[in-house]
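Structure incoming, see below.
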Amino acid sequence: HAEDGYRLWLRFDPIEAGLRTRYTQQIKGIHFAGNSAVQQTAKTELLQGLQGMLGKAVGETKNMAEGVLVVGSPQSSELVASLQLPQLKTLGKEGFVLTTTTRQGRRLTVIAANDDAGVLYGVFHFLRLLQTGQDIDKLDLVSAPRLQRRVLNHWDNLDRTVERGYAGFSIWDWHRLPGYLDPRYKDYARANASIGINGTVLTNVNANAMILTPMYLEKVRALADVFRPYGIRVYLTARFSAPVEIGGLKTADPLDPQVQQWWKDKTKEVYQYVPDFGGFLVKANSEGQPGPQNYGRNHADGANMLADAVAPFGGIVMWRAFVYSNETPEDRVKQAYTDFKPLDGKFRPNVLVQVKNGPLDFQPREPFHPLFGAMPQTPLMMEYQLTQEYLGQATHLVYEAPLFKEIQNADTWAKGKGSTVAKVMDGSLEGHTLTGIAGVANIGNDRNWTGHLFGQANWYAFGRLAWDHTLTSSGIATEWIGQTFSTKPAVLATVRNIMLQSHEAMVNYMTPLGLAHIMGYGHHYGPAPWWDKAPRQDWLPVYFHKADNMGLGFNRTATGSNALEQYHPEVRRQWENPATCDERYLLWFHHVGWKQPLRSGRNLWEELCFKYNEGVDSLHGMQSQWAGLQKEIDPDRFAHVQMLLGVQEQEATWWRDACLLYFQTFSKMPIPARYPQPA
Ligand code: GCU
């Protein structure tokens, strides 16, 4: 195999000899009775994975002999049914049990689930245990997803460009579909199934109505047919003006009966192509996209019209809350709440409102979005961005799990202490049964899928956290490294160390202390805090950092934009006083004087110098740790990461120098002599 990263975490190479012997003794044969498409997938994966790792095929058996691995659901396998596993009661359709049991004096290993998807996920989990060298002697594991809709959002256009995509072109080859099925579609589905992702939105949120025409629906069907055996459903973005653009109507007003009928007919047509179609994702009245407000209606009117169309088929609508407009004088980070909060309780039960993790736009760090905890009657779907639009794109190594965890662990105080974002998301806080999470995909047609090899870790972490948000960043990193590189303790420890510090390193060299959106205009890559030219002011770095001769930061307290009022009082109190505000969010909420002392004893200017330099220093550390792995990692993947870390180090330095020199024009203070003096 060329070590180009194509195989992702599904490498299944022969494992270390001692372990191989042990596993071979423990898995003497496989009893797998199910024959649905999904279970056939599971079986193929299991047989291939074991053959790869153990170096020889494990035979199938019909008997319940000593050392047999029994796989299936009670419906599909008499043997599984006869085991009468009590654990199955609590698992739902997608959960699974891995257990070691003795029947008639024979030791059996069992992968069981109530339904096909659970069998598939159980098989992948079992393979993961072997790949990462776990003990399978006394298995006693029960696992079920905490969220239902675990969905990737592809911002892929029909011409194969990918909005904010940094890993090549779209993997959907629309031109040659439906006749030609790129084998990659299957590999994509396998990868997703292996981490529990069960849905994919194929098209960009800045939608093209053409996707809903028969010509494209045929292609969508072809993809859905490939994905179905992997437990993955297809969703599409719906362009709100489609009734006008492809339907020949004069209006797309959601209260117009003709428009409603058009969507009902269109939806029926979609379901004829894809009977298990998941539903629609919609970006409306944001950044120039059409929506219900064009007709004086609100977001609930728009969402409900589509919800009624998909409801008879069991579909859902994911309606995005990423809305803001330049015409509104209100602070951009307040606008989604202003629009959506009054609509709580007005959405149909099959609508999820999809909310980005923070109120601005996927910055290296943002406080959690105030809509979490503010719409008790509406299920909210989390939206994370795996493609690193503002995070160094496919050039910088940033492991995003710590960012996701920071948001999920944040306390909204909606129902008192402990009302975390995670509990809003998983429905437990308000008893919602419809739940979901979306990750804006970082996938393209690059050989290694994600451009930067470590981008794979973000895809992986998204899937694992979507399944179980209580997993830790460190635990997920350990799994990923074990499957991707090696399970040697020294490799695990070093790579994990690099990954776990990478997010904070980036925050420090890009936007420390709560700064945001000071990236280059439009492309969002390098530093440009000085940029003051754009068609709208809420795209301007200078609008976000508000540097002046007095200080730095955006006053969002009651004396400023009062974005703080959108949080519950306990949260507000944590952040409203600059002296006690978590310094990670300090400049997000406050305009702070340059000479203001911070908790470290350094004043704001000195702290800024400290943080930017700390970020660059972390990069040096990450580079030398990676260099130490040369003997442990194949030359191609080693060099790929090494070179990119070199670029990242240069660019971290660029960020530091550019930002400090620019902010210095306001602070008018020297960069302390202990730091490098940028020219
Ligand atoms: C960001 C991004 C856009 C994208 C938008 C969205 O603003 O830059 O390209 O369309 O988010 O999430 O809708």
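If you check every pair at least six apart or on different chains, which have Cβ atoms under 6 Å apart with a residue in the range 274-299 that is free of Cβ contacts under 8 Å to residues at least 24 places away in the same chain and more than 22 Å from TRP539 (Cβ to Cβ) first and a residue that is within 12 Å of the ligand (Cβ to nearest atom) and part of a loop (DSSP other than H, G, I, E, B) second?
From the range 274-299, no pairs qualify.
Got a sec? Which of ALA238, ALA300, ALA224 is small (Gly, Ala, Ser), within 16 Å of the ligand (Cβ to nearest atom) and at pLDDT 95 or above?
Working: ALA300 fails: within 16 Å of the ligand (Cβ to nearest atom); ALA224 fails: within 16 Å of the ligand (Cβ to nearest atom).
It is ALA238.
If you don't mind, another one. Does TYR543 fit the bill of being surrounded by 16 or more Cβ atoms within 10 Å (Cβ to Cβ), at pLDDT 95 or above and out of contact with any strand residue (DSSP E or B) (no Cβ under 6 Å at 6 or more places or on another chain)? Step through it out loud before you land on a result.
Values: surrounded by 16 or more Cβ atoms within 10 Å (Cβ to Cβ): yes; at pLDDT 95 or above: no; out of contact with any strand residue (DSSP E or B) (no Cβ under 6 Å at 6 or more places or on another chain): yes.
Taking the combined requirement at face value, the residue does not satisfy it.
Restricting to the range 203-221, name every residue that is within 16 Å of the ligand (Cβ to nearest atom) and surrounded by fewer than 23 Cβ atoms within 10 Å (Cβ to Cβ).
Answer for the range 203-221, where residues must be within 16 Å of the ligand (Cβ to nearest atom) and surrounded by fewer than 23 Cβ atoms within 10 Å (Cβ to Cβ): ASN206, ASN208.
Do we find that PRO178 is surrounded by 20 or more Cβ atoms within 10 Å (Cβ to Cβ), closer than 28 Å to GLU45 by Cα, of a type outside the set (S, T, N, Q) and away from the ligand (no atom under 16 Å from the Cβ) in this structure? Write out each step before concluding.
Numbers: surrounded by 20 or more Cβ atoms within 10 Å (Cβ to Cβ): no; closer than 28 Å to GLU45 by Cα: yes; of a type outside the set (S, T, N, Q): yes; away from the ligand (no atom under 16 Å from the Cβ): yes.
So PRO178 does not fit the description; no.
Given the residues GLU269, GLU287, which is the only one that is within 16 Å of the ligand (Cβ to nearest atom) and acidic (Asp, Glu)?
After applying the criteria, what remains is GLU287.
Could you grab me the full set of residues in the range 303-327 that are at pLDDT below 95 and charged (D, E, K, R)?
Across the range 303-327, the qualifying residue is only GLU327.
Can you find a residue that is assigned by TED's automatic domain parsing to the domain that holds ASN294, on the phi > 0 side of the Ramachandran plot and in a loop (DSSP other than H, G, I, E, B) anywhere in the range 168-177?
Yes: the range 168-177 contains one or more residues that are assigned by TED's automatic domain parsing to the domain that holds ASN294, on the phi > 0 side of the Ramachandran plot and in a loop (DSSP other than H, G, I, E, B).
Looking at THR41, THR24, which one is without any contact (Cβ under 8 Å) to a residue 40 or more places away in the chain, hydroxyl-bearing (Ser, Thr, Tyr) and not assigned by TED's automatic domain parsing to the domain that holds PRO635?
None of the others qualify; the one that does is THR24.
Right, here's the next one. Need a quick list: helices (runs of 4 or more DSSP H) entirely within the range 583-679 having at least 3 residues that are surrounded by fewer than 17 Cβ atoms within 10 Å (Cβ to Cβ).
Fully inside the range 583-679 and qualifying: 604-627, 635-667.
To continue, here is another question. Quick one: is GLY199 closer than 30 Å to ARG106 by Cα and of a type in the set (Gly, Ala, Ser)?
no
State which residue is nearest to the ligand (Cβ to nearest atom) when the search covers only the range 303-335 and only residues that are under 23 Å from the mean Cα position of the chain (by Cα) and over 17 Å from VAL205 (Cα atoms).
The selected residue is VAL333.
Related question: List, please: which pairs have Cβ atoms under 7 Å, are six or more places apart or on different chains, and start with a residue in the range 516-529 that is assigned to a loop (DSSP other than H, G, I, E, B) and of a type in the set (Ser, Thr, Tyr) and end with one that is modelled with pLDDT of 95 or more and crowded, with 16+ Cβ neighbours inside 10 Å?
Every condition considered, the pairs that remain are TYR521/ALA528; TYR525/GLN393; TYR525/MET519.
Additional query: Within the range 140-163, can you find the residues that are in a loop (DSSP other than H, G, I, E, B) and away from the ligand (no atom under 14 Å from the Cβ)?
ALA144, PRO145, ARG146, LEU147, GLN148, LEU158, ASP159, ARG160
I've got another one for you. Could you check, for the range 643-665, whether at least one of its residues is of a type in the set (S, T, N, Q), in contact (Cβ under 8 Å) with a residue 24 or more places away in the chain, in the same structural domain as PRO529 (by TED's automatic domain parsing) and in contact with a His (Cβ under 7 Å, 6 or more places away or on another chain)?
Checking the range 643-665: at least one residue is of a type in the set (S, T, N, Q), in contact (Cβ under 8 Å) with a residue 24 or more places away in the chain, in the same structural domain as PRO529 (by TED's automatic domain parsing) and in contact with a His (Cβ under 7 Å, 6 or more places away or on another chain).
For the range 352-386: of the residues being within 13 Å of the ligand (Cβ to nearest atom) and among the aromatic types (Phe, Trp, Tyr), which is nearest to GLU504 (Cα to Cα)?
The qualifying residue nearest to GLU504 (Cα to Cα) is PHE362.
What do you reckon, is ARG599 in contact with a Gly (Cβ under 8 Å, 6 or more places away or on another chain) and either touching a residue at least 12 places away in the same chain (Cβ under 8 Å) or among the polar types (S, T, N, Q) (or both)?
Numbers: in contact with a Gly (Cβ under 8 Å, 6 or more places away or on another chain): no; either touching a residue at least 12 places away in the same chain (Cβ under 8 Å) or among the polar types (S, T, N, Q) (or both): yes.
It is false that ARG599 is in contact with a Gly (Cβ under 8 Å, 6 or more places away or on another chain) and either touching a residue at least 12 places away in the same chain (Cβ under 8 Å) or among the polar types (S, T, N, Q) (or both).
The values are calculated or read from the model by the stated rules, or taken from the named source; none is laboratory data. Everything numeric here is computed off the predicted structure, so don't read it as measured data. For neighbour counting, all protein chains shown are included, and Cβ atoms are generated from backbone atoms with ideal geometry for every residue, glycine included.
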